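Trainee: I have a structure I would like to understand better, so I am pasting it below and will then ask my questions one at a time.
The values are calculated or read from the model by the stated rules, or taken from the named source; none is laboratory data. The structure displayed is predicted, hence computed values, not measured ones. Cβ sites come from the backbone with ideal geometry, for glycine too, and all protein chains shown count toward neighbours. Side chains are part of the model used for accessible areas, which takes the heavy atoms of the whole protein and leaves out ligands, DNA and RNA. Shrake-Rupley method; radii C 1.70, N 1.55, O 1.52, S 1.80 Å.
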Amino acid sequence: MERQPEGVVRSPPETVREAQRLLDAGMPFHAHEVFEDAWKSGPEASAPLWRGLAQLAVGLTHAARGNAVGGARLLRRGADGIEGLPAAPYGIDVPGLVRWARELAGRVEEAGPAVDAAREAPRLSGSRAASSGSCRARAARRDPKETA
(Lines give C-alpha, C1' and ligand atoms only; values in the text may rest on other atoms or scores of the structure.)
Protein backbone atom coordinates (compact mmCIF):
# COMPACT_ATOMS: atom_id res chain seq x y z
CA MET A 1 0.00 0.00 0.00
CA GLU A 2 1.32 3.42 -0.92
CA ARG A 3 1.84 6.09 1.69
CA GLN A 4 -0.75 8.79 2.14
CA PRO A 5 0.12 12.01 0.33
CA GLU A 6 1.69 14.44 2.80
CA GLY A 7 0.54 17.97 3.47
CA VAL A 8 -3.11 17.44 2.59
CA VAL A 9 -5.26 20.07 4.26
CA ARG A 10 -8.60 18.66 5.36
CA SER A 11 -11.36 20.01 7.55
CA PRO A 12 -11.56 18.38 10.99
CA PRO A 13 -14.60 16.27 9.98
CA GLU A 14 -12.78 15.14 6.81
CA THR A 15 -9.72 14.28 8.89
CA VAL A 16 -11.78 12.15 11.27
CA ARG A 17 -13.62 10.38 8.42
CA GLU A 18 -10.44 9.61 6.47
CA ALA A 19 -8.52 8.47 9.53
CA GLN A 20 -11.41 6.21 10.60
CA ARG A 21 -11.57 4.70 7.12
CA LEU A 22 -7.86 3.91 7.26
CA LEU A 23 -8.04 2.53 10.80
CA ASP A 24 -10.95 0.29 9.85
CA ALA A 25 -8.94 -0.95 6.85
CA GLY A 26 -6.08 -1.97 9.14
CA MET A 27 -3.83 0.89 8.04
CA PRO A 28 -3.04 2.76 11.24
CA PHE A 29 0.23 4.22 9.92
CA HIS A 30 -1.70 5.86 7.10
CA ALA A 31 -4.19 7.20 9.66
CA HIS A 32 -1.21 8.57 11.58
CA GLU A 33 -0.20 10.55 8.48
CA VAL A 34 -3.71 12.01 8.19
CA PHE A 35 -3.59 13.11 11.84
CA GLU A 36 -0.10 14.50 11.34
CA ASP A 37 -1.33 16.65 8.43
CA ALA A 38 -4.09 18.05 10.66
CA TRP A 39 -1.59 18.67 13.45
CA LYS A 40 0.81 20.56 11.18
CA SER A 41 -1.73 22.49 9.10
CA GLY A 42 -4.41 23.24 11.69
CA PRO A 43 -4.70 25.87 14.38
CA GLU A 44 -2.22 25.64 17.26
CA ALA A 45 -5.08 25.15 19.73
CA SER A 46 -5.96 21.83 18.05
CA ALA A 47 -2.38 20.54 17.85
CA PRO A 48 -2.46 18.51 21.11
CA LEU A 49 -5.52 16.58 19.89
CA TRP A 50 -4.11 15.72 16.47
CA ARG A 51 -0.63 14.96 17.87
CA GLY A 52 -2.13 12.62 20.48
CA LEU A 53 -4.27 10.86 17.88
CA ALA A 54 -1.23 10.46 15.63
CA GLN A 55 0.62 8.86 18.54
CA LEU A 56 -2.28 6.46 19.16
CA ALA A 57 -2.29 5.46 15.49
CA VAL A 58 1.46 4.89 15.35
CA GLY A 59 1.25 2.99 18.63
CA LEU A 60 -1.28 0.66 17.02
CA THR A 61 1.11 0.39 14.05
CA HIS A 62 3.95 -0.77 16.31
CA ALA A 63 1.69 -3.19 18.16
CA ALA A 64 0.50 -4.66 14.85
CA ARG A 65 4.11 -5.12 13.76
CA GLY A 66 4.92 -7.03 16.96
CA ASN A 67 6.80 -4.23 18.73
CA ALA A 68 5.02 -4.57 22.07
CA VAL A 69 7.29 -2.18 23.99
CA GLY A 70 7.12 0.62 21.41
CA GLY A 71 3.44 0.08 20.76
CA ALA A 72 2.49 0.23 24.44
CA ARG A 73 4.71 3.26 25.02
CA LEU A 74 3.16 5.23 22.15
CA LEU A 75 -0.38 4.20 23.04
CA ARG A 76 0.16 5.52 26.57
CA ARG A 77 1.90 8.69 25.33
CA GLY A 78 -1.02 9.40 23.00
CA ALA A 79 -3.54 8.73 25.76
CA ASP A 80 -1.65 11.05 28.11
CA GLY A 81 -1.58 13.70 25.38
CA ILE A 82 -5.33 13.76 24.83
CA GLU A 83 -6.49 13.06 28.38
CA GLY A 84 -8.07 16.18 29.83
CA LEU A 85 -8.95 17.70 26.45
CA PRO A 86 -12.60 18.53 25.84
CA ALA A 87 -14.61 15.31 25.78
CA ALA A 88 -15.81 15.50 22.17
CA PRO A 89 -13.84 17.91 19.96
CA TYR A 90 -15.07 17.38 16.38
CA GLY A 91 -17.21 14.53 17.72
CA ILE A 92 -14.17 12.54 18.87
CA ASP A 93 -14.75 10.50 22.02
CA VAL A 94 -11.58 11.48 23.88
CA PRO A 95 -12.36 9.62 27.13
CA GLY A 96 -13.24 6.48 25.16
CA LEU A 97 -10.01 6.66 23.20
CA VAL A 98 -7.98 7.11 26.38
CA ARG A 99 -9.60 3.97 27.83
CA TRP A 100 -9.08 2.05 24.56
CA ALA A 101 -5.40 3.01 24.35
CA ARG A 102 -4.60 2.11 27.95
CA GLU A 103 -6.44 -1.20 27.74
CA LEU A 104 -4.71 -2.14 24.47
CA ALA A 105 -1.30 -1.09 25.83
CA GLY A 106 -1.78 -3.45 28.78
CA ARG A 107 -2.86 -6.34 26.56
CA VAL A 108 0.02 -5.78 24.14
CA GLU A 109 2.56 -5.85 26.96
CA GLU A 110 1.07 -9.02 28.48
CA ALA A 111 0.44 -11.00 25.30
CA GLY A 112 3.49 -9.97 23.31
CA PRO A 113 2.53 -11.14 19.81
CA ALA A 114 1.36 -8.75 17.16
CA VAL A 115 -2.25 -7.62 17.17
CA ASP A 116 -4.56 -7.33 14.18
CA ALA A 117 -4.71 -3.60 13.42
CA ALA A 118 -8.17 -3.73 11.82
CA ARG A 119 -9.67 -5.74 14.68
CA GLU A 120 -8.15 -3.47 17.29
CA ALA A 121 -9.01 -0.22 15.49
CA PRO A 122 -10.87 2.19 17.74
CA ARG A 123 -13.97 4.14 16.85
CA LEU A 124 -12.99 7.78 16.90
CA SER A 125 -16.49 9.13 17.40
CA GLY A 126 -20.02 8.09 18.07
CA SER A 127 -21.48 5.77 20.64
CA ARG A 128 -19.07 2.94 19.84
CA ALA A 129 -15.93 5.04 20.40
CA ALA A 130 -15.19 3.54 23.79
CA SER A 131 -15.41 -0.04 22.58
CA SER A 132 -12.28 -1.77 21.41
CA GLY A 133 -11.87 -3.04 17.92
CA SER A 134 -11.86 -6.59 19.23
CA CYS A 135 -15.48 -6.14 20.33
CA ARG A 136 -16.38 -5.01 16.80
CA ALA A 137 -14.51 -7.96 15.31
CA ARG A 138 -16.44 -10.43 17.49
CA ALA A 139 -19.70 -8.80 16.44
CA ALA A 140 -18.72 -8.91 12.76
CA ARG A 141 -17.99 -12.64 12.95
CA ARG A 142 -21.53 -13.33 14.18
CA ASP A 143 -23.77 -11.91 11.47
CA PRO A 144 -23.01 -8.89 9.30
CA LYS A 145 -26.70 -7.88 9.42
CA GLU A 146 -26.55 -7.57 13.23
CA THR A 147 -23.67 -5.05 13.14
CA ALA A 148 -25.19 -2.74 10.53
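Trainee: As an exercise, identify the trypsin sites (Lys or Arg not before Pro) in the stretch 27-102 lying in DSSP coil whose Cβ has no more than 16 other Cβ atoms within 10 Å.
Mentor: Passing sites in the stretch 27-102 are R65.
Trainee: Say each of A87 and V69 gets a label point 7 Å from the Cα, pointing the same way as Cα to Cβ; how far apart are those two points in nm?
Mentor: 3.9 nm
Trainee: Label R102 and V9 with points 7 Å out from Cα along Cα→Cβ: what is the distance between them in nm?
Mentor: Reported label-point gap for R102 and V9 is 3.7 nm.
Trainee: Ok, one more. Mind checking the per residue accessible area of the stretch 14-72 for me, 1.4 Å probe, whole number of Å²? Walk me through the numbers before you get to the answer.
Mentor: Working: 2230 Å² over 59 residues.
Per-residue value: 38 Å².
Trainee: Could I ask something else about it? Select from the stretch 1-107 those GluC sites (Glu not before Pro) which occupy a DSSP coil region and have at most 16 other Cβ atoms within 10 Å, ordered by residue number. Can you show the working numbers first?
Mentor: Numbers: sites: E2, E6, E14, E18, E33, E36, E44, E83, E103; in loops: E2, E6, E83.
Answer by residue number: E2, E6, E83.
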